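Written below as structure tokens is the structure these notes are about.
The values are calculated or read from the model by the stated rules, or taken from the named source; none is laboratory data. Quick caveat, the model's predicted, so the values are computed rather than measured. Positions of Cβ are backbone-derived with ideal geometry, glycine not excepted, and every protein chain shown enters the neighbour counts. Ligands, DNA and RNA are excluded from the accessible area calculation, which covers all protein heavy atoms including side chains. Shrake-Rupley method; radii C 1.70, N 1.55, O 1.52, S 1.80 Å.
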Amino acid sequence: MSGRGEAGRLDVAFITSATAIVSENLREFTRRRPDVQVKLHDGFTTDVLAALERGTADVGIVRDAEERDDVDLSLLTSERFVAVVPKEHPAAGGDHVEARALAADPLILYPRSAGTHAFDINTQPLRNAGIDVQVAQECSNWHTIIMFVAAGLGVSIAPYSVTTLLPEGARRIELDGPPTVSRIFMATRRGDDRPLLQAFMAASESMTGRQHARSTTAR
């Protein structure tokens, strides 16, 4: 264990699709603890969990992670999956699409090695429709995936939060059928109770509470 969480430095590893959450949590934490140096490291869910286990990260933000004996997962938020298609796609003019309507399109997604459990959840809508999932183009981040969709190279199934600012060539469409939910967690090493880590978790819990309050008020 690095011990950096006790010496004025906190290493936070995170998935890029949770950048907005990390930014808000970090803003709140630095407001409370301006004396602490925070170092950020991005990567796949598997990379984040590996960094935790090696001790090169103090806390991680992951999506749809599998449970591990030495890692505690605390739910931060959940969201639905949506389809992302090129603007010329036959479904692009509608508000909803069935997953089976995407069966003939090349799928653009991250590799399964990024996180087996996360990959299975992400592709669940396709598998529910009886589609044999084959990724045509593998990308390392959602920005690249969305840009390839906008270029007309294929379609994707994405968490809603990564589709809020789409390029001109891409369209977001709600998926019909049984809903599939993606969950974002804060990950820590089991039994790690260092003060700075606890302070970061408290700041994150505060932001999660505020986000829930805003969501409830908006309904």
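For Ala65, indicate whether it is surrounded by 15 or more Cβ atoms within 10 Å (Cβ to Cβ) and modelled with pLDDT of 95 or more.
Spelling it out, it is not the case that Ala65 is surrounded by 15 or more Cβ atoms within 10 Å (Cβ to Cβ) and modelled with pLDDT of 95 or more.
Based on what the data block shows, is Val133 open to solvent by less than 20 Å² (accessible area, probe 1.4 Å) and over 16 Å from the mean Cα position of the chain (by Cα)? Lay out the reasoning, then the answer.
Working: open to solvent by less than 20 Å² (accessible area, probe 1.4 Å): no; over 16 Å from the mean Cα position of the chain (by Cα): yes.
Spelling it out, it is not the case that Val133 is open to solvent by less than 20 Å² (accessible area, probe 1.4 Å) and over 16 Å from the mean Cα position of the chain (by Cα).
Does Ala114 qualify as being open to solvent by less than 60 Å² (accessible area, probe 1.4 Å) and at pLDDT below 95? Don't jump to the end; show me each part of the working.
Details: open to solvent by less than 60 Å² (accessible area, probe 1.4 Å): yes; at pLDDT below 95: yes.
Yes, satisfied.
I'm trying to understand the selection: among the residues of the range 83-98, which are over 17 Å from Glu168 (Cα atoms) and part of a strand (DSSP E or B)?
Across the range 83-98, the qualifying residues are His96, Val97.
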